[in-house]
Amino acid sequence: MSVLVVGSIALDDVKTPQAEEKNLLGGSASYGAFAASFFSPVNLVGIVGNDFPKAHVELLKSRPIDLSGLKVADGETFRWSGEYFGDLNTRETRSVALNVFESFRPTIPENFRPTPIVLLANIAPDLQHLVLDQMRQPRFVIADTMDLWIEIAKDRLLELLARVHMLILNDGEARQLTGETNLIRAGRKLREYGPRFVAVKKGEHGCLLFGEGGQFFACPAYPLEEIRDPTGAGDTFAGGLAGFLAGQSGAEVSFDTLRQAILHGSVLASFDVEDFSLERLKALSKDDIASRLEDFRRLSAFD
Ligand code: AMP
C-alpha cells in the first residue's frame, strides 16, 4: 500500500545556538514524505515556486516518492525562518512568507485518489478538507496541525476532526485546543471530537497515544545526547508512522499496530534531529533504522 502526503514544501532558514543555515529543504510534506518513503511508496502533493532548487527535487526523487502531484508555480517558494534557544526546546518563528502557497489549492491527481493511507501534514484546515473531498474512501486518515490553525481556524479544524481517524499534535496544542491543562484529559477530550486515535507529542519526552475504550500507551523518545536541529521532528514522526501503516496488511488499523507505528515514527524523528534539514535522513539506511529500532525496543522494554 502507498501513502498520500499533502503539506508544505518550504525553504527554511534555521538558527540554533551553535549554527545558522539558510535555504534548507523544509516543510511538513518534505519531512513527512521522506520519512514515510522508508516504509512504503509515497504520493506527494504540494506546491513550490520556480526558484525551488533542482537539487531538492532530485533528493525527493531519489526516494520512492511519486512527484506527479508537485506543482511548480510562477513565483517564490514558501519560506519559513525560525530560531532555537538554550536547550533547543524553545523556538521562535522569525518570519513566514507564503508566496506561491497563498494560492495553493491542492489538486489530487486521478491516480492518487484511491491511496489508502492519507497524511494531511501541517497546512491550513481548509486545504486539508479540500484534499479529503477528492479522496476515494481512504482506509486511514491522519491529520497533523499547529498552534496557528487553532488560533485562526479553530472551527474548520474541529470540523476536520470529525473526518479523520487520527490526530497528531503537540502537548501545547492539545492544551490550547481543549482548554485542559491535564494532558490525559486533553487527549481523551480530543477523541470525543471525532478521531479514533490521538497522539500527543511531548518533544524530547516522547508521546502519548489515546485509543478506544480508554486504551493508552506512553512512548518515550529515543535518548540522544546531541541534537543539532529539531526542525521537522514532528513531521518526520508523522511520516514514519503513516509509512509504517501503509507497509502493513490487514483490514483495520488496531491499537497494537499503532503502537508499532509510533515506535517507527519516533525512531525516524530521532534521526531527523541529528542534523539540519534532511541531511541525516538522506544518509539513512534500512540497517540504521533496524538497529536503532532494536536498541529502542530494548531500552524502553517494548515487546
Ligand atoms: P516542525 O518542526 O515539525 O514544527 O515543522 C517545521 C516545518 O514546518 C518547517 O520546515 C516549516 O517550513 C514548516 N512550517 C512552518 N510554518 C508552517 C505553516 N504555517 N504551514 C505549513 N508549514 C509550516
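The values are calculated or read from the model by the stated rules, or taken from the named source; none is laboratory data. Please read all numbers here as calculations on a predicted model, not as lab measurements. Cβ coordinates were reconstructed from backbone atoms using ideal geometry, including for glycine residues, and neighbour counts include every protein chain displayed. Surface accessibility is based on the protein's heavy atoms, side chains included, excluding ligands, DNA and RNA. Shrake-Rupley method; radii C 1.70, N 1.55, O 1.52, S 1.80 Å.
Total residues in segment 112-124 satisfying the condition of being surrounded by 21 or more Cβ atoms within 10 Å (Cβ to Cβ) and within 11 Å of the ligand (Cβ to nearest atom): the figure is 3. Taken as a whole, the structure places ALA143 among residues that are among the small types (Gly, Ala, Ser), open to solvent by less than 30 Å² (accessible area, probe 1.4 Å) and either under 16 Å from the mean Cα position of the chain (by Cα) or within 14 Å of the ligand (Cβ to nearest atom) (or both). Here segment 245-276 is the region considered, the condition is being open to solvent by less than 30 Å² (accessible area, probe 1.4 Å) and part of a loop (DSSP other than H, G, I, E, B), and the residue that is farthest from LEU167 (Cα to Cα) is PHE276. Out of GLU204, GLU225, GLU279, GLU274, one residue alone is among the acidic types (Asp, Glu), at pLDDT below 95 and under 19 Å from the mean Cα position of the chain (by Cα). It is GLU204.
Reported count of residues in segment 174-209, each being more than 15 Å from LEU258 (Cβ to Cβ) and in contact with a Gly (Cβ under 7 Å, 6 or more places away or on another chain), is 1.
Checked against (1) among the hydrophobic types (A, V, I, L, M, F, W, C); (2) open to solvent by 30 Å² or more (accessible area, probe 1.4 Å); (3) closer than 20 Å to ASP126 by Cα, MET1 passes all but condition (3). Taking the numbered list (1) within 14 Å of the ligand (Cβ to nearest atom); (2) farther than 22 Å from TYR31 by Cβ in turn, ASP133 passes all entries but (1). Residues in segment 89-103 that are within 10 Å of the ligand (Cβ to nearest atom) and hydrophobic (A, V, I, L, M, F, W, C) were compared, and the one that is nearest to LEU224 (Cα to Cα) is VAL96. On inspection, PRO138 does not qualify as open to solvent by 60 Å² or more (accessible area, probe 1.4 Å), of a type outside the set (Phe, Trp, Tyr) and either modelled with pLDDT under 95 or not in a helix (DSSP H, G or I) (or both).
Just wondering, is there one or more residues in segment 197-206 that are open to solvent by less than 40 Å² (accessible area, probe 1.4 Å) and in contact with a His (Cβ under 8 Å, 6 or more places away or on another chain)? Yes. Annotation note: of THR93, THR107, the sole residue that is in a loop (DSSP other than H, G, I, E, B) and in contact (Cβ under 8 Å) with a residue 12 or more places away in the chain is THR107. Can you tell me which residues in segment 58-89 are out of contact with any strand residue (DSSP E or B) (no Cβ under 7 Å at 6 or more places or on another chain) and loosely packed, with under 15 Cβ neighbours inside 10 Å? Scanning segment 58-89 gives GLU58, SER62, SER68, ASP74, PHE85, GLY86, ASP87, ASN89.
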